[in-house]
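First up is the structure itself, then whatever we jot down about it.
The values are calculated or read from the model by the stated rules, or taken from the named source; none is laboratory data. Treat the numbers as computed from the prediction; the structure is a model and nothing was measured. No Cβ is skipped: glycine too gets one built from the backbone with ideal geometry, and neighbour counts run over all protein chains shown.
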Amino acid sequence: MDTTDFARVVAEFGSGAALLVEPGSAPAAHVPTRWSRIAAGRDAADRCAATTALWQVDGLTEMLPRFGLVLAECLEDVRICLLRGDWVLLYALRKPFQPAEFRIGWDPETFGRDQPAYWYALPDPLRGFLARIHAGFTDLDGVSYGPIRPRDMLAYSELGLPASIRNWQAAEDIPGDRAMLLAQGLGGTRYFVSPDLPPGTIGWEAEGQLDRPLDFPETLDELMSYGFQLRAELPPRPLTTDVSLELLEVERAVAWNPELTEHVARERIRTLIADLLHALGGQLRLCTRGDDNGENVLPCGDTDELDRLEARYLLEPPAPDAPGLWAPLIAKFWEQHDWPITISGDTRGVHITACTPDWFELTLSYQTQTLHLRLTSPGFTRT
């Protein structure tokens, strides 16, 4: 990771809002003592090693096992920055086929004068992390993909968020003054803690609707690790000894399953879409308006020897829900299966792609008014 990327990120904070501390510069002599090894690091490897050595809190590795591996495998560089008067670490992390992803870790001295109202609802390792390592660890927006700053952990009623949260599982409302914001996730979904939730759980809601309380450590680990890919998660591509050189070339680009047939591929696609609709409580349905009859399955051959199937669906949410509201729920369902997920965007909207262990690829594309799902099979031998 070169300095240019960090300089670009610092520039995004606004003119005069942030100062990137260059190793060996005069400002480097004034950084927090705990970060002196990072400030002195002349290359990325030294700075990364000095940074990860800070993450020593009892129980933190057990609480965030996957993110611990993300730090070990995906951390490319760390730089010290003075952001609006506060010392922070900028983490540059690698994502597959995407530019570096950045995270902010605030100096623990910026914790704030008082503990948050529901501080006791956080697991012990997280409290230790926020008090001694980073007083907040988030995306550049200061609220996403990790615990926000303790000084910002306020009740919904103080933040102007929904006045109450509907807990459908318990058929009751959680008052806004008893829900404390902890983080934000994909599509504006929010994570919160409350004395009205079972101990050891975290709330996950969108527009004031609680899906269900989730296991706190597991959910935070998934949130902080979202979108990163680890070496152990790269499944081997199947090969046989009698594959021709031409098929080998195709196999490098398209996963190939020699056991698959068109019939099996069609059944697997229909099972995947049925499982998804069932998991979402049957509230999403396949749209049958216009040219879409609910399902469109087409062959998409890659060579004279291989075929694939591509199924296209237009999903219709219940009124008056906007389609984008359902995208995080679908992504969460895929996450619960531990399927690797990537996110991208272009002029056509946002695209969330997941890959199953048997190499079926699911791509959700959504804009303000549309929600499309495409399922693509791995290649199989043409018959």
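Odds and ends about this structure:
- Number of positions in the stretch 100-148 that are in contact (Cβ under 8 Å) with a residue 60 or more places away in the chain and more than 24 Å from residue 30 (Cα to Cα): 15
- The stretch 145-158 - residue that is part of a helix (DSSP H, G or I) and of a type outside the set (Lys, Arg) and, of those, nearest to residue 209 (Cα to Cα): 156
- Any chance residue 121 is of a type outside the set (Lys, Arg), more than 30 Å from residue 196 (Cβ to Cβ) and assigned by TED's automatic domain parsing to the domain that holds residue 70: no
- Pick from the stretch 159-207, criterion touching a Ser or Thr at 6+ places or on another chain (Cβ under 9 Å), small (Gly, Ala, Ser) and outside any strand (DSSP E or B), ranking: surrounded by the fewest Cβ atoms within 10 Å (Cβ to Cβ): 163
- Residues within the stretch 18-39 that are more than 27 Å from the chain's Cα centre (by Cα), over 18 Å from residue 75 (Cα atoms) and hydrophobic (A, V, I, L, M, F, W, C), tallied: 6
- Filtered residues of the stretch 120-130 (kept if under 24 Å from the mean Cα position of the chain (by Cα) and either part of a helix (DSSP H, G or I) or among the aromatic types (Phe, Trp, Tyr) (or both)): 121, 124, 125, 126, 127, 128, 129, 130
- Residue check, residue 142 assigned to a loop (DSSP other than H, G, I, E, B) and either at pLDDT 95 or above or not assigned by TED's automatic domain parsing to the domain that holds residue 122 (or both): no
- Whichever residue in the stretch 55-70 is surrounded by 19 or more Cβ atoms within 10 Å (Cβ to Cβ) and not β-branched (Val, Ile, Thr) and, among such residues, is nearest to the chain's Cα centre (by Cα): 67
- Which listed residue, of 161, 90, is under 23 Å from the mean Cα position of the chain (by Cα), hydrophobic (A, V, I, L, M, F, W, C) and modelled with pLDDT of 95 or more: 90
- Filtered by the rule that a residue be over 17 Å from residue 127 (Cα atoms) and of a type in the set (Phe, Trp, Tyr), the stretch 198-233 gives 204, 226, 228.
- From 303, 240, residue being over 24 Å from residue 350 (Cα atoms), touching a Pro at 6+ places or on another chain (Cβ under 9 Å), of a type in the set (Ser, Thr, Tyr) and at pLDDT below 80: 240
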